[in-house]
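Asker: Pasting a structure here, questions to come.
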Amino acid sequence: MVSASRLDPLRRPTAASNDSDHAPSAEATPPIALGHLLRLARVAGYGLLVVSFVDFLYVLIPADFMDPVWEYQFAGDLIKLVPVPLLALVLVFGGDAIDRQEVEWPILKVLSWLTLLFSVTLFLLVPLTAANTLRIHRFNNEQISTQANQQRQQIEATRTQLEQATPQQLQSLVPTPNEQGQLPNAPVSPEDARAQILNNLNQAKDRAADQADQARANVKQNLTKNSLKLIAESILGSLMFLYAWLISRWARRGKGILKTAAVDQPINPATAFGRRMGHLLGRKPKRMKHRVR
């Protein structure tokens, strides 16, 4: 009996052609190496750090320390810059010691210590913001009180002039009989005009006091909300920079300390921090005792 393959001689070349269609081409573009991606990310990180430094100078200059308004605005502008350097540090520290250039090691060491400086600076913004909030609150109350006092003085001065005015002077405030029909509630005598004006002055005085109280409440509410937002963001940014300082210990120790071989196991930053604190407190690490049977 003749096999099917011998009866159909074109079957085998067709299968071979199909296999060749699915085979990878020798001219296909090779994937990007991990080292290239790391170098690109680190260059982007260094660029973002330079941009953050320029933005910091723009916010700082011209400096006016001891001015609570400027310090309050500076704290708010500084906190807005936190996301960019944090992202830059992620890109720069990414990959640990893998494929590092010789010139990067002193830069990495400085950046690692700068993260601690940023953390402390953001933490110190918390009491500074709280103190400036109280100072600005008192300043706003003084400004509103000053404006309210000026309006009150103007009303009192008008009241005094009105009370000292003679009937002949008040006669100009009384409309003519022809105009009285066109004006509702028009005064018909000088004393009636005096009474109406005094009533309007009292109402204006009450409205000025109510507006001053409402202005104080609105300013206090907006200031409190913004201050709580700044304090919360300062604490969060401080903790993030502190964590960046903890996990970048390898950068502070310098080249050659961190082993990047595949057989080495990475150390958990929290475990390393616990061992460090135990060493500072004088505690000795526990050793496991194994029984030999």
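The values are calculated or read from the model by the stated rules, or taken from the named source; none is laboratory data. None of the values given here were measured: they were computed from a predicted structure. Glycine gets a Cβ as well: all are built from the backbone with ideal geometry, and neighbour counts include every protein chain shown. Accessible surface is based on the protein model in full, side chains and every heavy atom, while ligands, DNA and RNA are left aside. Shrake-Rupley method; radii C 1.70, N 1.55, O 1.52, S 1.80 Å.
Asker: Please count how many residues of region 60-119 are of a type in the set (S, T, N, Q) and over 29 Å from Arg252 (Cα atoms).
Answerer: So the count comes out to 1.
Asker: For region 213-239, give me each residue that is closer than 14 Å to Val120 by Cα, open to solvent by 60 Å² or more (accessible area, probe 1.4 Å) and in contact with a helix residue (DSSP H, G or I) (Cβ under 8 Å, 6 or more places away or on another chain).
Answerer: The answer is Glu233, Ile235, Leu239.
Asker: Given the criteria modelled with pLDDT of 90 or more and under 24 Å from Pro127 (Cβ atoms), does Asp77 qualify?
Answerer: Judged against the criteria, Asp77 is a match.
Asker: Does Arg194 meet the test of being open to solvent by less than 60 Å² (accessible area, probe 1.4 Å), at pLDDT below 85 and more than 30 Å from Leu114 (Cα to Cα)?
Answerer: Here the answer is yes, as Arg194 does meet what is asked.
Asker: Which pairs do you get when a residue that is acidic (Asp, Glu), found in region 51-78, comes within reach of a residue that is surrounded by 12 or more Cβ atoms within 10 Å (Cβ to Cβ), reach meaning Cβ atoms under 6 angstrom, with the pair 6+ apart or on two chains?
Answerer: Partner pairs satisfying both residue conditions: Asp55/Leu81; Asp64/Trp70; Glu71/Asn132; Asp77/Val59.
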